[in-house]
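Inspection log for the structure reproduced underneath, given as structure tokens.
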Amino acid sequence: MVIKNVNLETVCGITSTIPDNMLDEVAFAGKSNVGKSSLINALMNRKALARTSSQPGKTQTINFYNVNESMYLVDLPGYGYANANVEIKAKWGQMIENYLHTSKRLKAVFLLIDIRHEPSENDQLMYEWMGHQGYAPIIIATKADKLKRGQVIRHVQMIREVLQMEPESIVIPFSAETKQGREEIWELIDSLVEIPEEILEEQKKKEQKKQKEQAQKNDAPARKPRWKATDRPVAKKTQKKAAAKKKANKKKG
Ligand SMILES: Nc1nc2c(ncn2[C@@H]2O[C@H](COP(=O)(O)OP(=O)(O)OP(=O)(O)O)[C@@H](O)[C@H]2O)c(=O)[nH]1
Ligand SMILES: [Mg+2]
């Protein structure tokens, strides 16, 4: 997807109602600090639209990023954030569950797992839940830049084994630092979401208009035409002065 515009359209806290969006959504789930918000920034080509932090528990709301007015990338709060108070943790859990259960336009849930560590019990539960809900099980193994190339292959295998993944299920090593895996993730998203025909049509028209305007700009002369000496309009006063001078010269002659 070519990113033309992105916009944080809806922010849902524990007491908010989940928006009834008209466009498809893909969501990013995973443990706190695994890199969900960083991944969303990388996908949108933005440095810090989604707020990130080295401290776990940064994202505490469900954030809907509208991309090109065509679809939403949904940033979720992380699970397993040990420092949050038990009551709040339960409320976040309910909020995420409620969203994952009720959204009508959610087309895929990507589960993020830190490539360096074994998937936790919560990761395993989340992975199983995704399968039960009928979502394609897609794992993004984050922070791949922290490992050497050979280690990446071994760790992907370890994640596959712990989650008991089927051979055809996908694991994409990703790094928000090097952008490794970005294109592959977009290709998957593009294949999973459907952009309404009228929006595609609208975008095509806008693009054509822009190209036409650009072409007109390119055809236009670079500078304003300069007057030739003969064409230059001469003020009446100057004309009179010149005529008087001519007359005087004639007399002299
Ligand atoms: N080296 C490296 N660091 C990363 C990568 N992705 C994220 N980080 C770092 O990991 C920390 C957490 O990243 P976030 O994107 O805020 O993680 P999150 O999953 O959104 O966390 P919560 O909002 O707390 O659930 C930040 O310090 C990021 O800079 C990556 O690919 N490579
Ligand atoms: Mg976050």
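The values are calculated or read from the model by the stated rules, or taken from the named source; none is laboratory data. Predicted, not measured: the structure shown is a model, and the values here were computed from it. Here the Cβ is made from the backbone with ideal geometry for all residues, glycine too, and neighbour counts use every protein chain on show. Note: areas computed on protein heavy atoms with side chains; ligands, DNA, RNA excluded. Shrake-Rupley method; radii C 1.70, N 1.55, O 1.52, S 1.80 Å.
Could you rank the peptides 21-29, 137-145, 244-252 by their average count of other C-beta atoms within 10 Å per residue, with the highest value first? Let's see the in-between values first.
Details: 21-29: 20.1, 137-145: 22.3, 244-252: 8.9.
Highest mean packing first, the order is 137-145, 21-29, 244-252.
With a cut-off of 8 Å between alpha carbons and a minimum separation of six or more residues, what is the relative contact order of the chain in percent? Don't jump to the answer; show the numbers that get you there.
On the way: 345 pairs, mean separation 48.5, N = 253.
Once divided by the residue count of the chain, the mean separation gives 19 percent.
Can you return the aspartates and glutamates within cross-link range of LYS47? Criterion is Cα-Cα under 19 Å, with same-chain partners fewer than 8 residues away left out.
GLU9, ASP75, ASP145, GLU177, GLU183
Which ³J(HN,Hα) values in Hz, rounded to whole numbers, follow from the phi angles of segment 42-52 under the Karplus curve 6.51 cos²θ - 1.76 cosθ + 1.60, where θ = phi - 60° and Gly and Pro get x?
For segment 42-52, the Karplus curve yields 5, 5, 8, 6, 10, 7, 8, 5, 8, 6, 10 Hz.
For the Cα atoms of the chain, what angle does the longest principal axis make with the long axis of helix 149-162, in degrees from 0 to 90, nearest 10?
Result, in degrees: 50.
For helix 86-102, what angle does its Cα long axis make with the longest principal axis of the chain, in degrees from 0 to 90 and rounded to 10?
70
Ranking request for peptides 114-121, 48-55: highest mean number of other beta-carbon atoms within 10 Å first, then the rest in descending order.
Details: 114-121: 17.1, 48-55: 13.4.
Output ranking for 114-121, 48-55: 114-121, 48-55.
For ILE138, which sequence-distant residues (separation of 5 or more, or a different chain) have an amide H within less than 5 Å of its own amide H, given hydrogens modelled in the peptide plane?
Amide H neighbours of ILE138, under 5 Å, 5+ apart: LEU111.
Counting C-alpha atoms alone, how compact is the chain: give Rg to one decimal and Dmax as a whole number, in angstrom.
30.4, 113
Once neighbouring chains are kept in place and the probe is 1.4 Å, which whole percent of the accessible area of segment 1-96 is contributed by carbon and sulfur?
Roughly 48 percent of what the probe reaches on segment 1-96 is carbon or sulfur.
Taking the Cα of THR102, stepping 7 Å toward and past its beta carbon, and measuring to each backbone N in segment 1-43: which are under 12 Å?
13-21
Give the distance, in whole Å, between the Cα centre of segment 175-198 and the Cα centre of segment 53-95.
21
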